[in-house]
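Working notes, structure below.
The values are calculated or read from the model by the stated rules, or taken from the named source; none is laboratory data. If you're wondering where the values come from, they're calculated on a predicted model, not measured in any experiment. Cβ atoms come from the backbone with ideal geometry, glycine included; neighbour counts cover every protein chain shown. For the accessible areas, the whole protein counts, side chains as well, though only heavy atoms, and no ligand, DNA or RNA atoms are used. Shrake-Rupley method; radii C 1.70, N 1.55, O 1.52, S 1.80 Å.
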Amino acid sequence: MKIKKLIALGLCAAMVSSMTVAPVFAAEEEATEEAAETEEAAAEEETTEEAADPAAQFEGLKANEAYEFPMMVKSFQSTYWQAAVEGMQKAADELGVTFTPQGPNSESDIADQVNMINTAIAAKPVGLGLAACDTSSVTEALEKCAADGIPVVTFDTGVADAPEGSVVAEVVTDNTQAGAVAAENMYGAIKDVIANAEGQVIIGEVNQDATAQNIQMRGAGFINKMIELIQADGKTVAVAGNEFYVNAAEGADAKEADADVVIQVAVPAQTTVELCSTEAQAILSKENCIAIFGSNQVAAEGVLAANANLNVLGSDAAAGDVIGVGFDAGSIIKAAVQDGTFLGAVTQSPLMMGYYAIYALTAAANGDEVEDVPTAGYWYDATNMEDESIAPNLYD
């Protein structure tokens, strides 16, 4: 229900009007008004009226005590997490609570994060914020939280199989939607190349892992939307490479050897720009590669590092450029979008995820019931990076 999410996020603006991200919500309201003019609007609006706005639940919230929350991020290796911490600080200042951000050196250091989580739980906090590096690795810790009455709010990535009673709310991007946004914008640039190709062509995807739920959903969202778009134009598709993403793909209708288009999916052994670059270089080196997607900041920077050696990326598919699309922001990705190396990218709002994670934890610590808070993904390119609806989300 896209309209429902847009309205819900638009209403959040009243709560955070003093924040630099407020224009984002104004833009979301405009998008809602435009969507309301479509034929399906009446039914969607009826559904929206029946549903409570998930962010409005925090209006007027005050902390009953000066709570302190451990906040487990995936690492501090990208500016994405620094932006999330900035949002946490904004909320903490408003509510009169404190927090301690913690995370491993790399998002691949799963055991280190689990140890940090267990240490935090042993101190019996009033609540725990969690962005799990590997959602399957935190089951025992979440069981302990449920047994000890420690409410957990997940942010950035949810935990699909969380033990009952452990996770009270998720504050996450709709990653399936965000991956689809990347596919839709990429496809517009390459559809003529696919239509006119005399042989098989390859679209690459580099995901930093196949273990974190947000990355899984985003990667699959891109693949499934791309399959849908390609087949709508009469071409066949196969998905190859990483086993998880091959199995998660929906609707692929050909074997790799026979397909008109192969979506080649790569996952490095560890989460580093260097290893993502190695995977990207293997895909970009293929003569029939026409496009590539890096599904988060580390993966996108890896694609750009690979291109430094190959120099094949650009924004003009008709001239033979390989079309690159990134995800998240950061100075390296933004520069690539500005100069046309990347066609564009999709950004999240880690600032808002951090912000609402603290609000949700405070409400839970007060003993209130808390609902999930979804946030959207936004397409940006060289034409709209300065727009007030986009710029606040383009963290460095």
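A few comments on the model shown:
- Cα-based shape type of the stretch 173-255, given that a ≥ b ≥ c are square roots of the gyration tensor eigenvalues and the cut on a/c is 1.5: prolate
- Charged-residue dipole, Cβ positions (Lys, Arg, Asp, Glu), the stretch 175-347 about Cα centre, Debye nearest 20: 240 debye
- Of all segments of the chain bounded by trypsin sites (Lys or Arg not before Pro) found in a DSSP loop with no more than 15 other C-beta atoms within 10 Å, the longest spans 63-254.
- Relative to the dominant Cα principal axis of the chain, helix 2-12 is inclined by about 40°.
- With coordinates expressed along the principal axes, the C-alpha atoms belonging to the stretch 142-212 extend over 62, 18, 16 Å, beginning with the largest.
- Between the amide H of Val373 and those of Glu170, Val171, Val172, distances stay under 5 Å, these residues lying 5 or more places away or on another chain, with hydrogens modeled in the peptide plane.
- Of Lys62/Lys90; Lys225/Lys286; Lys191/Lys286; Lys235/Lys334, pairs whose Cα-Cα distance is over 21 Å: Lys225/Lys286; Lys235/Lys334
- Each of Gly241, Val267, Thr176 was placed along the dipole of the stretch 175-347 (beta-carbon charges, centred on the mean Cα), and the one lying farthest toward the positive end is Thr176.
- In the stretch 138-212, the GluC sites (Glu not before Pro) that fall in loop regions by DSSP, at most 15 other Cβ within 10 Å: Glu164, Glu198
- At the listed q of 0.12, 0.14, 0.26 Å⁻¹, the Debye profile of the stretch 332-396, built from one uniform point per Cα, gives log10 I(q)/I(0) equal to -0.42, -0.52, -1.07.
- Mean separation of Cα contacts under 8 Å (6+ apart) over length of the chain, as relative contact order %: 20 percent
- Rounded to the nearest 10 Å², the accessible area of Asp387 at probe 1.4 Å: 70 Å²
- Seen against the Cα atoms of the chain and their longest principal axis, helix 273-284 is set at about 30 degrees.
- Here the relative contact order of the stretch 175-347, from alpha carbon pairs under 8 Å that lie six or more residues apart, stands at 24 percent.
- Taking 0.36 nm per residue of separation and subtracting the Cα-Cα distance, full extension of the segment from Val246 to Val312 would add 21.2 nm.
- When the charge dipole of the chain is built from unit charges on Cβ atoms (+1 for Lys and Arg, -1 for Asp and Glu) and taken about the Cα centre, the candidate among Gly204, Ala63, Met116 whose Cα reaches farthest toward its positive end is Met116.
- Sequence-distant contacts, meaning Cα pairs under 8 Å at least 6 residues apart, place the relative contact order of the stretch 80-151 at 26 percent.
- With Cα atoms, 0 to 90° folded angle of helix 175-196 axis to the chain main axis: 10 degrees
- Computed over the chain, the per-residue total of -39500 (n - 2.57) for DSSP H runs of n ≥ 4 gives a 222 nm mean residue ellipticity of -14000 deg cm²/dmol, rounded to 500.
- Ellipsoid semi-axes in whole angstrom, largest first, where each is sqrt(5λ) of the Cα gyration tensor of the stretch 87-182: 21, 18, 15
- The orientation-averaged projected area of the convex hull spanned by the Cα atoms of the stretch 175-347 comes to 8.4 nm².
- Scattering profile of the stretch 131-171 at q = 0.25, 0.28, 0.31 Å⁻¹ [log10 I(q)/I(0), Debye over alpha-carbon scatterers]: -0.78, -0.97, -1.17
- Using Cβ point charges alone (K and R +1, D and E -1), the dipole size of the chain about the Cα centre works out to roughly 1140 debye.
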